[in-house]
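The values are calculated or read from the model by the stated rules, or taken from the named source; none is laboratory data. Small disclaimer: the values here were computed from a predicted structure and weren't measured. As a convention, Cβ positions derive from the backbone with ideal geometry for all residues, glycine included, and neighbour counts pool all protein chains shown. The accessibility values were calculated without ligands, DNA or RNA, using every heavy atom of the protein model including side chains. Shrake-Rupley method; radii C 1.70, N 1.55, O 1.52, S 1.80 Å.
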Amino acid sequence: RVRAGVLSALGGTGKRPDLAIPVLTNILERDPNGMVRRDAADALGSFANDSDVVVPELTKTLKDPDWQAREGALSGLGKFQNKPDMVVSLITPFLYDDNNVIQRSAAYALRDLGSPSSYRALLQASNAPSSWPGIGDIIYEVRQKMNHDKSQ
């Protein structure tokens with residue numbers, strides 16, 4: 001729990017990528033606890049605009065055998081609001097994952113990106129048999145937001 005708190009603080013500040021990114025990538029590569037790797041990946045996403053190292057590290061973590069670490073990588077990728085098209089194709093396949101937590105993490109990441117391409121990917125998943133009820137509420141939320149944006 002202490003390690004997770006430190007990781008959350010590192011990502012929460014979004015400061016000093018020169019110090020934080022090496023610490024977070026080291027944890028992703030070496031820590032045996034999937035929850036700690038999850039939190040490190042999520043925190044790493046806070047530095048999405050500061051380093052070319054972030055995307056490759058999170059992409060690697062998407063292949064982690066522990067689903068919790070993959071969940072953190074999806075959350076981290078959802079923080080790329082300035083570069084959404086770079087990560088939509090990395091996130092989208094996880095909308096069809098057998099693990100409902102992973103599906104929801106992917107859906108939240110696409111929602112959080114807030115781009116037309118991320119919304120399209122999420123809405124296309126609404127046709128998948130596995131999307132209901134797993135991510136149906138998130139799809140509904142995005143539809144409502146899109147309708148609201150159109151009316152303005």
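Per residue, the accessible area of the stretch 80-124 comes to 46 Å² when a 1.4 Å probe rolls over the protein heavy atoms. Summarising the label geometry, the points placed 7 Å from Cα in the beta-carbon direction at Asn49 and Asn33 lie 3.2 nm from one another. Spin-label model, Val101/Gln152: points 7 Å from Cα along the beta carbon direction are separated by 3.4 nm.
Taking all protein chains in place and a 1.4 Å probe, what share, in percent, of the accessible surface of the stretch 13-77 do carbon and sulfur account for? Could the numbers behind the result be given before it?
On the way: 1580 of 3010 Å².
Answer for the stretch 13-77: carbon and sulfur cover 53 percent of the accessible area.
Computed from phi, the 3J(HN,Hα) profile of the stretch 61-77 under the Karplus parametrisation 6.51, -1.76, 1.60 (θ = phi - 60°) reads 5, 4, 9, 4, x, 8, 4, 5, 5, 4, 4, x, 5, 5, 4, x, 5 Hz, with x in place of Gly and Pro. Maximal additional length on extending the Met86-Val23 stretch stands at 20.3 nm, based on 0.36 nm per residue less the C-alpha distance.
3J(HN,Hα) along the stretch 141-148: 4, 5, 4, 4, 5, 5, 5, 5 Hz, from the Karplus curve 6.51 cos²θ - 1.76 cosθ + 1.60 with θ = phi - 60°, whole Hz, x for Gly and Pro.
Based on the mean of other Cβ atoms within 10 Å per residue, sort peptides 95-107, 18-30, 140-152 so the most packed one is first.
Numbers: 95-107: 19.5, 18-30: 16.7, 140-152: 10.9.
The densest-packed peptide leads the list: 95-107, 18-30, 140-152.
Taking all protein chains together, Asp85, Asp42 sort by accessible area into Asp85, Asp42, largest first [probe 1.4 Å]. Our estimate of slack between Lys63 and Ser126, defined as 0.36 nm per intervening residue step minus the Cα-Cα distance, is 20.3 nm.
Using square roots of five times the C-alpha gyration tensor eigenvalues, list the equivalent-ellipsoid semi-axes of the stretch 23-152 in whole Å, biggest first. Don't skip to the answer; put the middle values down first.
Numbers: eigenvalues 131, 58, 20 Å².
For the stretch 23-152, the semi-axes come out at 26, 17, 10 Å.
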